[in-house]
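Asks: One structure, pasted below without further comment.
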Amino acid sequence: ALHWSELTSDASDRLLSAQNLLIAWATYPLIKALHEYAHALVIKAWGGKVREVGIMLIVFMPVPYVDATASYSFSSKWQRALVAAAGILTELFIGALALYLWIAAEPGLARAMAFNAIMIAGVSTVLVNGNPLMRFDGYFVMTDLIEIPNLAMRAQQYWAYLADRYLFGSRAAEPPLGTARERTWLFGYGAIAPFYRVFIALGLALFVAEHYFFAGVLLALAGLWGTLVMPLWKGWQHLRNSPSLGTHHDRATRRVFMIVGGLAVLLLLVPMPYYVTTEAVTRLPEAAYVRA
């Protein structure tokens, strides 16, 4: 927190410069190798076997991986959660060490690598990999601890039931199996996670677009495709074909069009406050008085 302003000032310029992208390309696989090694060590510690390790290429980036499926056989949820959390804990530890190196080092390659390690192992871990709202390690830690497997899919099913039953009035809709406690988790997760994923996808696209407009547009389109277009298409298919709506498909479709039309009127026709904030300099003559 003490160095936050220095770390984040001109972050996009420093992270997206051609020189820094090359340093990040070299730093990222090293951090992820330690991340995956931590998964493997914890599996071995609990008596499991890691049957496969390797490297896969994602957009020309070498990314290490391990086969962690042996953890599924552990009877203790704490052991399963620790296997998933091992990579997160390792990255946060690396990010903490990198922060001290970044503070102590002079400008140069070592400090640049430390800065990238802070961003990769620290900031991105908190926002993405370690965040249970994204379907990565943090998600599996949470689902193991609360003992609700397939939380994301079941949350979608629960919200589809709520829409069929209370928005479209279908009495044929039945809720997915689960206890009252599970339904609370399904309701909360299904309400928050989709918006967070859209926020992360668009935030990343805008961040990249500041320097590489074309790449930012491509990221935005890919993010919108996965977080908005595909869910809307699946929702439309549900409206037209879902057996839980019974004979109410046409009524459900009309109500959706009414809701969309109402939102369009609200956004396009109702006047909204508009203002611009900018920096300015006020010059006063020498004999002027300023009063509150």
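The values are calculated or read from the model by the stated rules, or taken from the named source; none is laboratory data. These numbers were taken from a predicted model, which means no experiment stands behind them. FYI the Cβ positions are ideal-geometry reconstructions off the backbone, even for glycines, and counts take in every protein chain you see. Surface areas here come from the heavy atoms of the whole protein model, side chains and all, with no ligands, DNA or RNA. Shrake-Rupley method; radii C 1.70, N 1.55, O 1.52, S 1.80 Å.
Asks: Are there any helices in the chain, counted as whole DSSP H runs, that stretch 18 Å or more along their axis by Cα and score at least 1.0 on average by Kyte-Doolittle, and if so which?
Replies: Helices meeting the span and hydropathy rule in the chain are 77-104, 180-209.
Asks: When the convex hull of the Cα atoms of the stretch 106-180 is projected onto a plane and the area is averaged over all directions, what value comes out in nm²?
Replies: With the hull built on Cα positions only, its mean projection is 7.4 nm².
Asks: Taking only Cα atoms and a 10 Å spring cutoff, compute GNM fluctuations for the chain and point out the largest among 29, 175, 271.
Replies: For the chain, modelled as a Gaussian network with Cα springs under 10 Å, the answer is 271.
Asks: Per residue, how much accessible area does the chain have with a 1.4 Å probe, in Å²?
Replies: Numbers: 19460 Å² over 292 residues.
Per residue, the chain has an accessible area of 67 Å².
Asks: Of the trypsin sites (Lys or Arg not before Pro) in the stretch 254-292, which ones lie in a loop per DSSP and count no more than 12 other C-beta atoms within 10 Å? Don't skip to the answer; put the middle values down first.
Replies: Numbers: sites: 254, 255, 283, 291; in loops: 283, 291.
Here the trypsin sites (Lys or Arg not before Pro) that fit, given the DSSP loop and packing criteria, are 283, 291.
Asks: To one decimal place, what Kirkwood hydrodynamic radius in Å is obtained for the stretch 134-227 from all pairs of distinct Cα atoms?
Replies: On the way: mean 1/r = 0.0662 Å⁻¹.
Mean inverse Cα-Cα distance, inverted, gives 15.1 Å.
Asks: Something else about it: Suppose we keep just the alpha-carbon trace of the stretch 59-146; what are its Rg and Dmax in angstrom?
Replies: Rg and Dmax of the stretch 59-146, Cα atoms, are 15.4, 49 Å.
Asks: So which chymotrypsin sites (Phe, Trp or Tyr not before Pro) in the stretch 192-292 are both in a DSSP loop and have at most 10 other Cβ atoms within 10 Å of their Cβ?
Replies: Answer by residue number: 274, 275, 289.
Asks: Using the C-alpha gyration tensor of the stretch 49-102, what are the square roots of 5 times its eigenvalues, in whole angstrom, with the largest one first?
Replies: They are 25, 20, 7 Å, listed from largest to smallest.
Asks: Using the Cα atoms of the stretch 213-292, I'd like the radius of gyration and the largest Cα-Cα distance, Dmax, both in angstrom.
Replies: Using the Cα atoms of the stretch 213-292, the pair Rg, Dmax is 24.8, 80 Å.
Asks: Which net charge results when you count Lys and Arg as +1 and Asp and Glu as -1 among the other residues whose beta-carbon is under 10 Å from that of residue 165?
Replies: Result for the local shell: -1.
Asks: When the accessible area of the chain is split by element with a 1.4 Å probe, what percent falls to carbon and sulfur? The partial results should precede the final answer.
Replies: On the way: 13360 of 19460 Å².
Accessible surface attributable to carbon and sulfur in the chain totals 69 percent.
Asks: For the stretch 89-135, what is the per residue volume of the convex hull drawn over the alpha-carbon atoms, in cubic angstrom?
Replies: Roughly 53 Å³ of hull volume per residue.
Asks: Taking only DSSP H segments of four or more residues, each worth -39500 (n - 2.57), what value at 222 nm results for the chain once the sum is divided by all its residues, to the nearest 500 deg cm²/dmol?
Replies: Values: 11 runs with 172 residues, N = 292.
That comes out to -19500 deg cm²/dmol.
Asks: What is the Cα radius of gyration of the stretch 179-256 over 2.2 N^0.38 Å, N being its residue count?
Replies: Normalised by 2.2 N^0.38 Å, the Cα Rg of the stretch 179-256 equals 1.48.
Asks: Now for a separate question. Please identify, among 66, 276, 198, the residue showing maximal mean-square fluctuation in a Gaussian network model of the chain using a 10 angstrom Cα cutoff.
Replies: It is 276.
Asks: Under 16 Å between alpha carbons, and skipping anything fewer than 8 positions from residue 44 in its own chain: which aspartates and glutamates qualify?
Replies: 36, 52, 67
Asks: Moving on. From the gyration tensor of the Cα coordinates in the chain, what semi-axes in whole Å does the equivalent ellipsoid have, largest first, with each one equal to sqrt(5λ)?
Replies: 39, 35, 18
Asks: Below 26 Å, Cα to Cα, which lysines can residue 49 reach? Residues fewer than 8 away in the same chain don't count.
Replies: Result set, ordered by chain and number: 32, 77.
Asks: Show me the GluC sites (Glu not before Pro) within the stretch 135-210 that DSSP assigns to loop and that have at most 13 other Cβ atoms within 10 Å of their Cβ.
Replies: Loop-located and lightly packed - 147, 210.
Asks: Shifting gears a bit: Using only Cα atoms, what Kirkwood radius does the stretch 6-76 have, in angstroms?
Replies: So the Kirkwood estimate lands at 14.3 Å.
Asks: For the stretch 2-14, take each phi angle, set θ = phi - 60°, evaluate the Karplus expression 6.51 cos²θ - 1.76 cosθ + 1.60, and give the result in whole Hz per residue in order, putting x for glycine and proline.
Replies: Rounded to whole hertz, the list is 5, 10, 4, 5, 5, 5, 9, 5, 6, 4, 5, 4, 6.
Asks: Mind putting together the pair-distance distribution for the stretch 7-124? All Cα pairs, 5 Å bins, whole percent per bin, short to long.
Replies: 2, 12, 19, 19, 16, 13, 9, 6, 4, 1
Asks: Sticking with the crude label model, points 7 Å out along Cα→Cβ, report the distance from residue 147 to residue 253 in nm, one decimal please.
Replies: Taking the two extended label points, one gets 4.5 nm.
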